[in-house]
Each structure stands twice: as C-alpha cells, then as structure tokens.
Amino acid sequence: MYNYHEVEPDSVHYHPIADVSELGNGETLYVEIGDLELVVFNIAGEIFAIGDVCSHDGAPLGEGEIENYDLVCPRHGARFDVRSGKVTALPAVEDITAYPVRVTDGQVEIGVPAEE
C-alpha cells in the first residue's frame, strides 16, 4: 500500500524544487518528483517535506492547517509532525514519509530515495 518512514539523508538523490525566496515563512509548495507527491512547508524559516497523502485514508494532506509543527488532515483530523512524518493524533496510526531538505546555492532541494 504505502511506504511510511523517515528517509535517511545518506541514501537519497537531491532534486532542486525552488529558489529559497519562492518559499517564504508560512508558505506551502506542492511538488511532484517522479511518482511522489510531496508537500513542502516553511515554518519559522525551517523547511520540511512530507508525502502529501494521509495514512488514514489516502487523501491529500497539504490543505490541512499547521499547528506548531503538526499538520492536521483536513478530512478526519489526524495529525502528523512535519519534521518526522510521525503520527501525533488519531485516527491515523501509521506515520507518513518525511524527506530530507537542504538549501544549496539558494535552491531548496528535496532528497528522495536513490534509484537502484
């Protein structure tokens, strides 16, 4: 079904997705890298990327509200920590995938598992 986990930074290929100036504080960006649909958040100057799918029912998460570092699913209220993808409130019980983020030469880059 889904593969939920925190992606290890040393096993990824980084993809540039935007200039850092395009993702201001409090802004959200939707990104597709290959078959992956991701949502990227700038929270107080820190950038995080997670899979844009709720582990509870498979619905998109990106339209949910951010409360501190929790993303609240807009459908049923499940909560996920955007820093790690970990579930913080029911009805979800499975974590979602969190992807490493870095800024290189002004470009926001997302790390996705390298193809083998």
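The values are calculated or read from the model by the stated rules, or taken from the named source; none is laboratory data. What you see is a predicted model, and the numbers here were worked out from it, not measured in a lab. We place every Cβ from the backbone using ideal geometry, glycine too, and count neighbours over all the protein chains shown. Each accessible area value is taken on the protein alone, full model and side chains, heavy atoms only, with ligands, DNA and RNA left out. Shrake-Rupley method; radii C 1.70, N 1.55, O 1.52, S 1.80 Å.
Table for the structure above
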| quantity | calculated |
| --- | --- |
| Selection status of residue 53, under 18 Å from residue 110 (Cα atoms), open to solvent by less than 30 Å² (accessible area, probe 1.4 Å) and in contact (Cβ under 8 Å) with a residue 40 or more places away in the chain | no |
| Residue check for residue 77: exposed (fewer than 13 other Cβ atoms within 10 Å of the Cβ) and more than 20 Å from residue 20 (Cα to Cα) | no |
| Any chance residue 84 is open to solvent by less than 60 Å² (accessible area, probe 1.4 Å), free of Cβ contacts under 8 Å to residues at least 60 places away in the same chain and either in contact with an Asp or Glu (Cβ under 9 Å, 6 or more places away or on another chain) or not in a strand (DSSP E or B) (or both) | no |
| Residue match in the range 63-72 (condition: modelled with pLDDT of 95 or more, in a loop (DSSP other than H, G, I, E, B), farther than 20 Å from residue 112 by Cβ and open to solvent by 30 Å² or more (accessible area, probe 1.4 Å)) | yes |
| Breaking point among (1) more than 11 Å from residue 110 (Cα to Cα); (2) modelled with pLDDT under 95; (3) open to solvent by less than 40 Å² (accessible area, probe 1.4 Å), for residue 12 | (1) |
| The range 16-57, residues that are at pLDDT below 95, touching a Lys or Arg at 6+ places or on another chain (Cβ under 9 Å) and closer than 14 Å to residue 97 by Cβ | 54 |
| Residue satisfying all of: in the range 29-50; among the acidic types (Asp, Glu) and assigned to a strand (DSSP E or B); least open to solvent (accessible area, probe 1.4 Å) among these | 46 |
